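Peer 1: Quick one: the structure is below, questions incoming.
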Amino acid sequence: MENNKKFYITTPIYYPSANFHIGHCYTTIIADAIARYKRLNGFDTYFLTGSDEHGQKIEKKAEEAGVTPQEYVDKIIEDAKDLWASLGISYDKFIRTTDEDHCEIVQKIFKKLYDNGDIYKGSYKGLYCTPCESFWTETQAVDGLCPDCGRPVHEVEEEAYFFKLSKYQDRLVKHIEEHPEFIQPVSRKNEMINNFIKPGLEDLCVSRTSFNWGIPVTFDDKHVIYVWIDALSNYITALGYLTENDANFNKFWPADLHIVGKEIVRFHTIIWPIMLMALDLPLPKQVFGHGWLVINGGKISKSLGNYKDPREYIKDYGVDAVRYYALREVPFGSDGNFSEELLITRTNADLANVLGNLVNRTIAMNKKYFDNVVVTSDATLPIDEELINVAIGAKAKVEQYMEELKVPEAIDEIFEIFRRANKYIDETTPWILAKEENKDRLKKVIYNLLESIRIGAVLLQPYLPNTAKEIFRQLNTELTSYDSIDEFGALELGKVLNDPEPLFKRIEIEK
Ligand code: MSP
C-alpha cells in the first residue's frame, strides 16, 4: 500500500556569503529537526535546502575578488555544505540556482508565464536596493533608504518584463482568508494583508538588463530573470517540475511547509503563491515566518564585531549544545537573543545537569549493582506509575506541539521525562535499597529508570541526534523506533550495557 504520509519541507535557499552566522544556522537547524521528527513519525519526508547564487550583488563581489561569479559561488557553497554537515543537517537535496537543470526549468517557467499573458514587456523606473535585490516604491523607501536593511536605494530605468501580480490580488486575499494556516504565525498574516496586499499590488518587474549574472530570458537574451523569480522556483525545480523526471514533483508538491525568516515572508506569501496560481499549481500548505536571532538586540555581522563562525561554537561546546540552544531557547516565531553565556548556561543546566547526570548515574548504578546487565522484578510501588505515565504520555504531547510547530515546548516535554526520572531517583533512593539488600525493588527501580531514559532518547532523536545515538550505544539497544515507545517495558532483559560515559562536560565560565 502506498504510504500517504508524506511531508515536504524547505528552508530558504541562502545567498552565498562568506559569513554564514548562527542566525542562518537557526533556520536550518529548526527545519532539520522538523524533518527528522517527521521521518521518525513515519512520514515519507523530503527536506530541501540550497543556495541562491545569482544577482548583481554576487557579480560585484566576484569582480572585487578578481574571480568569475561561478568560481566565487563554488568556493562558498563548498564551505556552506561543510557547515551544514558539521551541524548534522539531514537534507535530501541541496539545490543550487546555478544547477543546469534548475536554470532550464526557470526559463521554461518564465516562458510559460509569458505565453499565458501573465508576463508582459514594459519599462521600469523606480528604486532598487542592490544588497537586498528588492524593488521599493517612493513611499516604502523612506528618506531614500531600504526599509529592510537601511542602506540607500538607487533609481533605475530600463526596459523590463513585468509580472501581473495585480491580476491575482483578489484571489490571493481569498486564499489567505480561507486558509488561516497558510501564513503562520497569525501576526505575520495580518502584516501581509494590511501592509502589503490591501494597499494594492503593483505589477512586479521580473527582468533586468543592467547586469549579466542571472538566468537569461530565452526569447530576449539581453534580459536576465529577476532573482526572486529564479530563487522561489527552486521549490519546484528541485522536484523535477516540467521535466521528464517529475516523480518527486508529483509525489511531494504541494509543499507542506516553507520555513522562512520574517523579512522574506512577503516574497513567499505574495509573489510565490501568485506564480503558482499563474502556473495553475496548488499552493504550499504553510509558510512559517520565524523571528531572528539577535545579539544584544541587534544584527549579527562582521562589521559590528559580534560575528563568529558557527563551527567555533560547535568546536567549543559540541554540535548538540548548539542545536539545543537554537531549538530550545527561542519561542518559534519570535526574535530571540543569542549569547555565548546563555548557550553555556543552557548546556550546563539542561544537558549536563538534567540529562547527562541522569544517564550517567543510572548506568553507573546498573553497573555497580548488576554488573551492567539489564534486570527487572515485580516489585512495583504506586510511585512508579507517575514516572511511567510521564514517559509514556510524552509522545502524544510532543506530537501535539510539533503539529503546531512549538518546537521548544516539544523539547521541554521530553525533558520533563528526565526531570521526573531524576526526582524518582531522589524518591526511591536506590543506594539505600542496595544497603538494605532490597534487591527486587532495586532491580525494578533501575529498570524503570533505564526504560524512561530509552523512551526519552527515542523522542530526542530529531533534536539532538548525536546525544540520542550515544545514549542508545550506552544502553546497548536497537529499540529506537517511534513504535517502540508505545508501551513501557520494551528494553530487553539480559542485555549487557556499555560502561557509563559522561554525555556532556560542564562548561566553566571564565570569570
Ligand atoms: N536568498 C534569500 C532566500 C530565497 S528563498 C527562495 C535569502 N537568503 S539569506 O541568506 O539572506 O537568508 C536566508 C535565511 O536566513 C532567511 O530566512 C533569513 O531570515 C535567515 N536569517 C538570516 N539572518 C538571521 C538571523 N540573524 N536569525 C535568524 N534567521 C536569519 O533571504
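No lab work stands behind these numbers, since they all come straight from the coordinates. If you're wondering where the values come from, they're calculated on a predicted model, not measured in any experiment. Don't worry about glycine lacking a Cβ; one is built from the backbone with ideal geometry, like all the others, and counts go over all protein chains shown.
Peer 1: Search the structure for amide H atoms under 5 Å from the amide H of residue 8, placed 1.01 Å from N in the peptide plane, and list their residues when 5 or more places away or on another chain.
Peer 2: Under 5 Å from the amide H of residue 8 lie the amide H atoms of 46, 256, 257, each far enough along the sequence or on another chain.
Peer 1: Can you give the three extents of the C-alpha atoms in the range 239-393 along their principal axes, from longest to shortest, in whole Å?
Peer 2: The Cα atoms of the range 239-393 stretch 68, 45, 30 Å along the principal axes, largest first.
Peer 1: Testing the spin-label approximation: label points 7 Å from Cα along Cα→Cβ at residue 112 and residue 4. State their distance in nm.
Peer 2: 2.6
Peer 1: Computed over the Cα atoms, what is the radius of gyration of the range 466-511 divided by 2.2 N^0.38 Å, N being its residue count?
Peer 2: Ratio of Cα Rg to 2.2 N^0.38 Å: 1.55.
Peer 1: Each residue of the range 21-35 in order: what ³J(HN,Hα) in whole Hz does its phi give by Karplus 6.51 cos²θ - 1.76 cosθ + 1.60, θ = phi - 60°, with x for Gly and Pro?
Peer 2: 10, 4, x, 5, 5, 3, 4, 6, 5, 5, 4, 4, 5, 5, 4
Peer 1: If you take the alpha carbon radius of gyration of the range 111-202 and divide it by 2.2 N^0.38 Å, what ratio comes out, to two decimals?
Peer 2: Computed over Cα atoms of the range 111-202, the ratio equals 1.25.
Peer 1: Now, a different point. Out of residues 5 or more away from residue 373 or on other chains, whose amide H comes under 5 Å of its own, with H placed 1.01 Å from N in the peptide plane?
Peer 2: Sorted by chain and number, the residues that satisfy this are 497.
Peer 1: Right, here's the next one. Restricting to DSSP loop positions (anything but H, G, I, E, B) with no more than 12 other Cβ atoms inside 10 Å of their own Cβ, which GluC sites (Glu not before Pro) remain in the range 87-180?
Peer 2: 138
Peer 1: Taking 2.2 N^0.38 Å as the expected size of a compact globular protein, what ratio does the Cα radius of gyration of the range 20-126 give against it, to two decimals?
Peer 2: So the Cα radius of gyration is 1.37 times the expected 2.2 N^0.38 Å.
Peer 1: With a point put 7 Å past each Cα toward its Cβ, work out how far residue 399 is from residue 478 in nm, to one decimal.
Peer 2: The two pseudo-label positions are separated by 2.6 nm.
Peer 1: Testing the spin-label approximation: label points 7 Å from Cα along Cα→Cβ at residue 92 and residue 18. State their distance in nm.
Peer 2: So the label points at residue 92 and residue 18 sit 3.6 nm apart.
Peer 1: What's the percent breakdown of Cα-Cα distances in the range 340-485 across 5 Å bins, shortest bin first?
Peer 2: 2, 9, 19, 23, 20, 14, 8, 4, 1, 0
Peer 1: Between residue 120 and residue 412, what is 0.36 nm times their sequence separation minus the Cα-Cα distance? Round to one decimal in nm.
Peer 2: That pair, residue 120 and residue 412, stretches by 99.9 nm at full extension.
Peer 1: Which value, in nm² and rounded to one decimal, describes the direction-averaged projected area of the C-alpha convex hull of the chain?
Peer 2: 27.2
Peer 1: Here's another thing I want to ask about it. Where the centre of each part is set by its Cα atoms, how far does the range 200-248 sit from the range 114-174, in angstrom?
Peer 2: Answer, in whole Å: 15.
Peer 1: Any idea how far the Cα center of the range 340-365 sits from the one of the range 443-474, in Å?
Peer 2: Their Cα centres are 14 Å away from one another.
Peer 1: Just to confirm a number: summing +1 for Lys and Arg and -1 for Asp and Glu over residues other than residue 366 whose beta-carbon lies under 14 angstrom from that of residue 366, what do you get?
Peer 2: Result for the local shell: +3.
Peer 1: Work out how much length residue 505 to residue 303 would gain on full extension: take 0.36 nm times their residue separation and subtract the Cα-Cα distance, in nm to one decimal.
Peer 2: Between residue 505 and residue 303, full extension yields an extra 69.4 nm.
Peer 1: What lysines sit close enough to residue 61 to cross-link, taking a C-alpha to C-alpha distance under 23 Å and skipping anything fewer than 8 places away on the same chain?
Peer 2: Of all the lysines, those that pass the test against residue 61 - Cα under 23 Å, at least 8 places apart if same chain - are 75, 81, 222, 299, 302, 308.
Peer 1: What per residue convex hull volume, in Å³, comes out for the range 322-367 when only alpha-carbon positions are used?
Peer 2: Taking the convex hull of the Cα positions in the range 322-367, it is 68 Å³ per residue.
Peer 1: Shifting gears a bit: Would you mind calculating the gained length between residue 40 and residue 140 on full extension (0.36 nm times residue separation, minus the Cα-Cα distance), in nm to one decimal?
Peer 2: 31.5 nm is the gain from fully extending residue 40 to residue 140.
Peer 1: Specify the angular offset, from 0 to 90 degrees and rounded to the nearest 10, of the alpha carbon long axis of helix 69-86 from the longest principal axis of the alpha carbons in the chain.
Peer 2: Once rounded, one gets 20 degrees.
Peer 1: Next question. Show me, for the range 193-198, the HN-Hα J-couplings you get by feeding each phi into the Karplus relation (A = 6.51, B = -1.76, C = 1.60, θ = phi - 60°), rounded to Hz, glycine and proline as x.
Peer 2: So the J values, rounded to whole Hz, are 5, 6, 8, 10, 8, 4.
Peer 1: Just to verify a number: FRET efficiency for residue 339 and residue 74, C-beta to C-beta distance, R0 = 45 Å, to 0.05?
Peer 2: For R0 = 45 Å, the calculated efficiency reads 0.85.
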